[in-house]
Amino acid sequence: MAVHKSKVDWAERCPIRDVLERMGDRWSMLVLFTLGDHQSLRFSVLKNAIGDISQRMLSQTLRRLEQDGLVLRTAHATVPPRVDYELTALGQSFLLPMRNLLHWAEQNHQQVRDARVAYVPPPRHEAL
């Protein structure tokens, strides 16, 4: 049986979905937050600052953020090769809203965790 797929690309039509799809992934906000604390960082320094991100995932995340215009990649013709990453003006403009969200998360984390523990799902209705 074929699954019907809508021809509407909601991410293209809805700016909120389009942007939050990227920002809501596991690493993008952490990379932006880390870059926001520095003028520019080399790849290895950025990876060490984040800690538990793989080299492959950091590369993919940086590439997507660069594609979205939030991060600038500068490759230097040196031996060994050196690549620096920094926030663009657009990336800088996201820092304040992002920090507000992070502050809210820190302030309300325990309440969210308590609500998860207290949550009782509605009863499942069995089909006859």
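Each Cα pair under 8 Å and six or more residues apart adds its separation to the average, and for the range 11-115 the resulting relative contact order is 25 percent.
When +1 charges are put on Lys and Arg Cβ atoms and -1 charges on Asp and Glu Cβ atoms, the dipole computed for the chain relative to its Cα centre reaches about 280 debye. With the helix formula -39500 (n - 2.57) applied to DSSP H stretches of n ≥ 4, the chain reaches a computed 222 nm mean residue ellipticity of -18000 deg cm²/dmol.
In the elastic network of the chain, a GNM with C-alpha springs shorter than 10 Å, the most mobile of 31, 71, 83 is 83. The range 11-34 to the range 55-128: how many Å between their Cα centroids? Computed from Cα coordinates, the inter-centre distance equals 7 Å. Prolate is the label for the range 34-128, because the ratio a/c of its alpha-carbon gyration tensor axes (a ≥ b ≥ c) is 1.5 or higher and a/b is greater than b/c. For residue 25, no residue 5 or more places off, or on another chain, has a built amide H under 5 Å of its own. Within the chain, what's the longest stretch lacking trypsin sites (Lys or Arg not before Pro) that sit in DSSP loops with no more than 16 other Cβ atoms inside 10 Å? No qualifying site falls inside 27-123, the longest such stretch.
Note on the chain: GNM, Cα springs under 10 Å; of 112, 45, 79, the largest mean-square fluctuation is that of 79. Screening the chain for DSSP H helices whose Cα atoms reach 15 Å or more along their own axis and whose mean Kyte hydropathy is at least -1.0 gives 89-118.
Rule-based calculations on the coordinates, nothing more; no lab input. Values in this document were obtained by computation on a predicted structure and should not be read as measured data. Note that each Cβ is placed from the backbone with ideal geometry, even for glycine, and that neighbours are counted across all protein chains shown.
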